[in-house]
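Contents: one structure, followed by commentary.
The values are calculated or read from the model by the stated rules, or taken from the named source; none is laboratory data. The shown structure was predicted, so the numbers you read here are calculated from the model rather than taken from an experiment. All Cβ positions, glycine included, derive from the backbone under ideal geometry; neighbour counts span all protein chains shown.
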Amino acid sequence: MSERVLFFPWGFGGGAAYTGRCLVLAAALAEAGDEVIFADSGLSAMVREAGFPVLESAAEAPRPSNRHSVPPYLPFADVERVFAVAASFHREDRVRARIAADAELIERSQPTAVVIDMSPTAALAARAAGLPVISLADADFVTPCANGWMPWSTVAPRDLLPHPSSLPVWDMMSSELGLGPVERAEHLLWGDVTLISSHPDLEPLGGPPHRGELHYVGPMYWNPPRPVGDPPPDTDLSRVYVTIGSGGTAGKRALGNIFDACAGQPWTVYVSGGFADLTDLTIPDNVHLAGFTGLDTPLAWADVVLSHGGSATVLATLLHGKPSVIMPFMSEQEMNGRRLVADSGAGVLLRTSTTTSHGRLAFTDRYSGPADQSQVGAFDIRQGIAEVLGDQAFTAAARQWGVRLRELGSRNDIVALTYSAISAGVTR
């Protein structure tokens, strides 16, 4: 008997990696003969391009806002701050309305299971309906450790982003639904089965599962069926692949600094630009621009990868055995640069932050020292790429992790793990 599985990817404040991870599992389930449906999110076009149907929420349901400017660095210290600040889920009316909208989608589609990726309202709605929940997650989504997205911080999360707490609202709504109290926002993201798209030695959880079963399954990331732009060019020069997200977080100044860093260097540079604004930027002769290219083709081509430090990008880069240069635009990206790249020996992190007792951030660049500019400058970018290209130890470490990640992925069947949650029933 085939299953009907409803996916709820997070859409507030970006979400391409979340939606992509859902698409990986959705494609595997569809190949196994199951029916796959997606709830609407900020990236429904990405889902439709992949060939899956999208259910639209009621018109009055809270939705991701249109793209807007963001600061050069987002200091989210944990998932509670993401819920409160990115989605305004500190407001009871928004949480109540979003849970109702998710419950209506569940009622309309009658799934046998629900998959969430960073979607707490859908988790509550599914559990209230008695459905099994499969959670796709980064390790820091569900960690019991304080400051899970920013463990080096010495101040409380609300000192950095002083929105009201969302936890009282989660606790109230969960209790109203008969699901019991919520002690930590991270607990909302545990499924009856939780799949972590990483390796336990790269990202140890720091405690036992809150509920259900936990499985590390290796990197899960999506390549679009129709990449935008020309493929990477043939070249005898060192090959630098640049991807700093879809363009919604990284500003034009950051791209300008990258172009300035690469100009005149003995490298061939290939850039996945997404929908980034390139107006008025000077593109050097050795830089080749594309749009949404996917990761596999440019990663196979590259000698080194300059990225923002997004989890999917960094783990895919390691899977391909390629070293990284990381220039982060938010706390979780910096943590990925620290843990998955610098600590693993597979590359360098260009900028680190520290917190002051007044809830402020101070930044230090790898080569220039204390930073007074909002973005990593061209000098540090150029030096980082040159350092990694000049030391094969970085590539050797990345290749070792690639072997380990491939081996981990080969012994984990994400379809079978999904079915295990369905067959086991639900523990509310």
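Modelled with pLDDT of 95 or more, in contact with a Gly (Cβ under 9 Å, 6 or more places away or on another chain), of a type outside the set (A, V, I, L, M) and not assigned by TED's automatic domain parsing to the domain that holds F76, is that true of G273?
Spelling it out, it is not the case that G273 is modelled with pLDDT of 95 or more, in contact with a Gly (Cβ under 9 Å, 6 or more places away or on another chain), of a type outside the set (A, V, I, L, M) and not assigned by TED's automatic domain parsing to the domain that holds F76.
In the range 224-242, what residues are among the β-branched types (V, I, T) and at pLDDT 95 or above? Reasoning before the result, please.
Of the residues in the range 224-242, the ones among the β-branched types (V, I, T) are 228, 235, 240, 242.
Scanning the range 224-242 gives T235, V240, V242.
Return the pair list, or none, for Cβ contacts closer than 8 Å from residues in the range 101-112 that are touching a residue at least 40 places away in the same chain (Cβ under 8 Å) and closer than 15 Å to F7 by Cβ to residues that are basic (K, R) and not in a helix (DSSP H, G or I), at least 6 apart or on different chains.
Sorted first by the residue in the range 101-112, then by its partner, the pairs are S109/R4; Q110/R4; P111/R4; T112/R4.
Taking the condition within 25 Å of the chain's Cα centre (by Cα) and among the basic types (K, R), does R382 pass?
In short, no.
State the number of residues belonging to the range 181-196 that are free of Cβ contacts under 8 Å to residues at least 40 places away in the same chain and either farther than 16 Å from P144 by Cα or not assigned by TED's automatic domain parsing to the domain that holds A86 (or both).
Final tally of qualifying residues: 1.
Only one residue in S65, S44, S57, S69 is under 18 Å from the mean Cα position of the chain (by Cα), modelled with pLDDT under 95 and either among the polar types (S, T, N, Q) or not assigned by TED's automatic domain parsing to the domain that holds V85 (or both), so which one is that?
Checking each option against the conditions leaves just S44.
What helices (runs of 4 or more DSSP H) lie completely within the range 130-196 and have 1 or more residues being under 25 Å from I414 (Cβ atoms)?
By residue number, 139-142.
Confirm whether T313 is more than 24 Å from A342 (Cβ to Cβ), surrounded by 23 or more Cβ atoms within 10 Å (Cβ to Cβ), in the same structural domain as S344 (by TED's automatic domain parsing) and not charged (D, E, K, R).
When the stated conditions are applied, T313 does not pass them.
So which of L124, L177 is out of contact with any strand residue (DSSP E or B) (no Cβ under 6 Å at 6 or more places or on another chain), surrounded by fewer than 24 Cβ atoms within 10 Å (Cβ to Cβ) and in the same structural domain as G206 (by TED's automatic domain parsing)? So that I can check it myself, show each step before the final result.
On the way: L124 fails: surrounded by fewer than 24 Cβ atoms within 10 Å (Cβ to Cβ).
From the options L124, L177, the qualifying one is L177.
Does S88 satisfy the condition of being surrounded by fewer than 21 Cβ atoms within 10 Å (Cβ to Cβ) and either polar (S, T, N, Q) or assigned by TED's automatic domain parsing to the domain that holds G273 (or both)?
The answer is yes for S88.
Going by the conditions given, is R81 crowded, with 16+ Cβ neighbours inside 10 Å, under 21 Å from L167 (Cβ atoms), in contact (Cβ under 8 Å) with a residue 40 or more places away in the chain and touching a helix residue (DSSP H, G or I) at 6+ places or on another chain (Cβ under 6 Å)?
Working: crowded, with 16+ Cβ neighbours inside 10 Å: yes; under 21 Å from L167 (Cβ atoms): yes; in contact (Cβ under 8 Å) with a residue 40 or more places away in the chain: yes; touching a helix residue (DSSP H, G or I) at 6+ places or on another chain (Cβ under 6 Å): yes.
Yes; evaluated as a whole, the condition is true for this residue.
Any idea which residue in the range 290-310 is modelled with the lowest pLDDT, counting only those that are over 16 Å from A398 (Cβ atoms) and surrounded by 19 or more Cβ atoms within 10 Å (Cβ to Cβ)?
F292
Report, by residue number, each residue of the range 374-397 that is in contact with a Ser or Thr (Cβ under 7 Å, 6 or more places away or on another chain) and either not assigned by TED's automatic domain parsing to the domain that holds T313 or not aromatic (F, W, Y) (or both).
Initially, the range 374-397 is screened for residues in contact with a Ser or Thr (Cβ under 7 Å, 6 or more places away or on another chain), giving 377, 379-380, 389, 397.
Selection gives G377, D380, L389, A397.
Residues in the range 332-347: is at least one within 21 Å of the chain's Cα centre (by Cα), in a loop (DSSP other than H, G, I, E, B) and touching a residue at least 40 places away in the same chain (Cβ under 8 Å)?
yes
Got a sec? Which of L202, L214, L195, L237 is out of contact with any helix residue (DSSP H, G or I) (no Cβ under 7 Å at 6 or more places or on another chain) and surrounded by 17 or more Cβ atoms within 10 Å (Cβ to Cβ)?
Sole residue among the options that is out of contact with any helix residue (DSSP H, G or I) (no Cβ under 7 Å at 6 or more places or on another chain) and surrounded by 17 or more Cβ atoms within 10 Å (Cβ to Cβ): L214.
Right, L167: in contact with a helix residue (DSSP H, G or I) (Cβ under 7 Å, 6 or more places away or on another chain), surrounded by fewer than 24 Cβ atoms within 10 Å (Cβ to Cβ) and under 17 Å from T355 (Cβ atoms) or not? Even if it seems obvious, please write down each step before you answer.
Working: in contact with a helix residue (DSSP H, G or I) (Cβ under 7 Å, 6 or more places away or on another chain): yes; surrounded by fewer than 24 Cβ atoms within 10 Å (Cβ to Cβ): yes; under 17 Å from T355 (Cβ atoms): no.
No: the conditions fail for L167.
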